[in-house]
Amino acid sequence: MTGRVDPLPLAGGVVALAMVPLYLLVVSSQGNGAALWVVVALVVAGLCATYGAVRRSPQRLVALGVSTVLLVGVGVLGILSIGLPLLVAGALCLTGLVRSSAAAAV
């Protein structure tokens, strides 16, 4: 692993943050109000993933774990609307988490 930034969790964080306006657009087009907890979960997951993308972050494993759980959880709940991109983002964060924990074990 070379470089300062792991591109997989970074891509997952970008997807999570990009899904916030898309979620708001989808919900408003259906005539419903947005669930605040979904917006908060997406923002927290995106920020944790981008923090965890920096290889020298002291709490990288925790941040990637939190982002993985949030993205997969919201992705499963929203599978019929915005869930698939969130599941992909969760898989990217999980891959970064596994690679990071394997590198820490060596």
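The values are calculated or read from the model by the stated rules, or taken from the named source; none is laboratory data. Worth saying up front: this structure is predicted, and the values here are computed from it rather than measured. Reconstructed Cβ throughout: ideal geometry from the backbone, glycine too, with neighbour counts over all protein chains shown. Note: accessible area is taken over every heavy atom of the protein model, side chains too, but ligands, DNA and RNA are not part of it. Shrake-Rupley method; radii C 1.70, N 1.55, O 1.52, S 1.80 Å.
Inside the stretch 66-81, can you point out the residues that are open to solvent by less than 10 Å² (accessible area, probe 1.4 Å) and small (Gly, Ala, Ser)? Even if it seems obvious, please write down each step before you answer.
Initially, the stretch 66-81 is screened for residues open to solvent by less than 10 Å² (accessible area, probe 1.4 Å), giving 67, 71, 75.
Matches in the stretch 66-81: SER67, GLY75.
Could you tell me whether LEU10 is part of a helix (DSSP H, G or I), more than 15 Å from LEU86 (Cβ to Cβ) and open to solvent by 30 Å² or more (accessible area, probe 1.4 Å)?
Yes, satisfied.
Of the residues in the stretch 31-59, how many are within 13 Å of the chain's Cα centre (by Cα) and of a type outside the set (Phe, Trp, Tyr)?
Counting residues in the stretch 31-59 that are within 13 Å of the chain's Cα centre (by Cα) and of a type outside the set (Phe, Trp, Tyr) gives 15.
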